[in-house]
Amino acid sequence: MTMPQPDPQALAHSAVLAARIGDAIRADGGWLPFDAWMARALYEPGLGYYAGGAHPFGAGGDFVTAPELSPAFADCIAAQLAEWFAHCDPVVIEFGAGTGRLAAGVLGALRALGRPAHRYAIVELSGTLRAQQRETLARLVPEALDTVEWLDALPATIDGVVIGNEVLDAMPVRLFEHAGDGALDEIGVAVDDAGDFRWAARPADAGLRDAVAEALRAAARADPYGGGGSDGDGTYADDPPWALLGPGRYRSELGLQAAAWIGTVGRALRRGAMLLVDYGFPAREYYHPQRDGGTLIAHRRHHAHGDVLRWPGLQDVTAHVDFSAAARAASGAGLALLGYTSQARFLLNCGLLERLAESTRDGAVDPGSVRALGAVQTLLSEAEMGELFKAIAFGRGLPPVPLGFVRGDRSGSL
Ligand SMILES: C[S@@+](CC[C@H](N)C(=O)[O-])C[C@H]1O[C@@H](n2cnc3c(N)ncnc32)[C@H](O)[C@@H]1O
């Protein structure tokens, strides 16, 4: 299957955004750090991928997320929220709510469980998506619509549960390249005379060096085998442990905005939890010597490809999540790590199979239930979303070991 060319109208839209980013690059001396480029490509008002009226989600879009695949995903999240609501305000704040499917599913399932949310706040940057979310909620859970509100910004204080599915991976990342022995560049974007973007390196500043060093120390600490250039006991003679990246060229990302976001939300959280689901790994796997090209990728029309500078505004740009960095940021905000596990394990712990058995109890095998089973298989399968995607939970004032993490918790790997 080849990737379809955008139509002329879409190309014209992208050209306007590209020209605007090109002007910003020239105004900044010919170079923008990649996170600044990515922020504009995804969120430039009226033009960016998530802010310009594109329809990224579902079969007709660019990618499919778990809440779009199966209502069972929202049912499981609701089971976890219901448990927490015994210990904190029954309030949900969802970040980046996509089409509104997760919100609708969670609101409906919480009612069915007898623990309705008193308030469901959605923090959404895109006006188009807000309208779509309102339409989804009005169609699927009209009785709960009056509990839903949309926020432009993070509230100063939060009592309740924050949720986000595939939100961290959409936050802009810094890019670095290591050329051996601590020689570190930052990779950014330049623009040529024809207006085309190209990668361009600059020596890393002190802030980026420190951040890479911190990520590598975490990768070294979490290495239970003491391999990959360590002194055999998991400690390194050199600090930072550059040897971990191997002797050749090594390019990767740092999710500094995601970490800052977790810190800000975490500090606002007075009593409650934060539950995030996304694709990624602990630092040891993220900065593995074999992952020398990083995880940055573009998605368009169900094709994943490496040409991320092409067609700004028309394709998603995303990087995997370093969950060790996420845990560090939450800990810095005074939150407890409540659990970290694979999506498959989280969903199974939340009773996915029992829910499925109930819904097919009458033994009817119609095309609808076969499709539903196929979707659940995609959520659970190691070869698809089950293993690459992880769930992580942080909290303040909540008991340890929530439902979703009772078996298969991997917090020790972070
Ligand atoms: C890949 S989409 C996932 C959408 C939805 N959660 C789902 O699972 O279908 C990423 C979403 O995160 C949103 N996002 C990224 N950074 C955000 C932030 N700081 N605050 C709120 N939303 C954000 C984007 O606007 C986008 O809607």
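The values are calculated or read from the model by the stated rules, or taken from the named source; none is laboratory data. All values reported here derive from a predicted model rather than from experimental measurement. When we count neighbours, we look across all protein chains shown, and the Cβ atoms used for this are built from the backbone with ideal geometry, even at glycine. Areas reflect the complete protein model, heavy atoms only, side chains present, ligands, DNA and RNA absent. Shrake-Rupley method; radii C 1.70, N 1.55, O 1.52, S 1.80 Å.
Structural remarks
- A search for C-beta distances below 8 Å between a residue of the stretch 120-136 that is more than 10 Å from ALA97 (Cβ to Cβ) and any residue that is assigned to a helix (DSSP H, G or I) and within 11 Å of the ligand (Cβ to nearest atom), counting only pairs 6+ apart in sequence or on different chains, returns LEU125/TYR43.
- Candidate set: the stretch 103-125, residues that are open to solvent by less than 50 Å² (accessible area, probe 1.4 Å) and under 13 Å from VAL162 (Cα atoms); chosen: the one nearest to the ligand (Cβ to nearest atom): VAL123
Conditions tested, residue by residue: (1) part of a helix (DSSP H, G or I); (2) farther than 23 Å from ALA41 by Cα.
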{"position": "PRO172", "(1), (2)": "no, no"}
{"position": "GLU177", "(1), (2)": "no, no"}
{"position": "GLY182", "(1), (2)": "no, yes"}
{"position": "GLU186", "(1), (2)": "no, no"}
{"position": "ALA190", "(1), (2)": "no, no"}
{"position": "ARG198", "(1), (2)": "no, no"}
{"position": "ALA201", "(1), (2)": "no, no"}
{"position": "GLY207", "(1), (2)": "yes, yes"}
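- Only a single item in (1) surrounded by fewer than 22 Cβ atoms within 10 Å (Cβ to Cβ); (2) in contact with a strand residue (DSSP E or B) (Cβ under 7 Å, 6 or more places away or on another chain) is not met by ALA319, and it is number (1).
- Residue within the stretch 276-284 that is within 16 Å of the ligand (Cβ to nearest atom), more than 26 Å from PRO399 (Cα to Cα) and touching a Gly at 6+ places or on another chain (Cβ under 6 Å) present: no
- For PRO172, the test of being in contact (Cβ under 8 Å) with a residue 60 or more places away in the chain, in contact with an Asp or Glu (Cβ under 8 Å, 6 or more places away or on another chain), within 16 Å of the ligand (Cβ to nearest atom) and not acidic (Asp, Glu) is passed.
- Within the stretch 54-78, considering residues that are open to solvent by 30 Å² or more (accessible area, probe 1.4 Å) and farther than 18 Å from GLY404 by Cα, the one modelled with the lowest pLDDT: ALA54
- Test result for ILE158, closer than 24 Å to GLY351 by Cβ and in contact with a strand residue (DSSP E or B) (Cβ under 7 Å, 6 or more places away or on another chain): no
- Residue match in the stretch 79-97 (condition: touching a residue at least 60 places away in the same chain (Cβ under 8 Å), away from the ligand (no atom under 13 Å from the Cβ) and under 18 Å from LEU379 (Cα atoms)): yes
- Residues of the stretch 339-354 satisfying the condition of being crowded, with 24+ Cβ neighbours inside 10 Å and either hydrophobic (A, V, I, L, M, F, W, C) or part of a helix (DSSP H, G or I) (or both): GLN343, PHE346, LEU347, CYS350
- Breaking point among (1) within 20 Å of the chain's Cα centre (by Cα); (2) away from the ligand (no atom under 16 Å from the Cβ), for GLU177: (1)
- Scanning the stretch 16-53 for residues that are without any contact (Cβ under 8 Å) to a residue 60 or more places away in the chain and of a type in the set (Gly, Ala, Ser), we see that the one that is least open to solvent (accessible area, probe 1.4 Å) is ALA24.
- Restricting attention to the stretch 102-132, the residues that are assigned to a helix (DSSP H, G or I) and under 21 Å from the mean Cα position of the chain (by Cα) total 10.
- When restricted to residues that are of a type outside the set (Gly, Ala, Ser), crowded, with 17+ Cβ neighbours inside 10 Å and at pLDDT below 95, the stretch 222-258 contains 7.
- The set of residues in the stretch 135-168 being part of a helix (DSSP H, G or I), touching a helix residue (DSSP H, G or I) at 6+ places or on another chain (Cβ under 8 Å) and either within 15 Å of PHE57 (Cβ to Cβ) or within 16 Å of the ligand (Cβ to nearest atom) (or both) consists of THR136, LEU137, LEU140, LEU168.
- Number of residues in the stretch 272-297 that are buried (at least 23 other Cβ atoms within 10 Å of the Cβ) and either among the acidic types (Asp, Glu) or free of Cβ contacts under 8 Å to residues at least 60 places away in the same chain (or both) equals 1.
- The residues of the stretch 50-78 that are under 30 Å from LEU338 (Cα atoms), more than 10 Å from the ligand (Cβ to nearest atom) and not in a helix (DSSP H, G or I) amount to a single one, SER70.
- Condition broken by PHE197, with the remaining ones in (1) among the hydrophobic types (A, V, I, L, M, F, W, C); (2) buried (at least 21 other Cβ atoms within 10 Å of the Cβ); (3) more than 16 Å from the ligand (Cβ to nearest atom) satisfied: (2)
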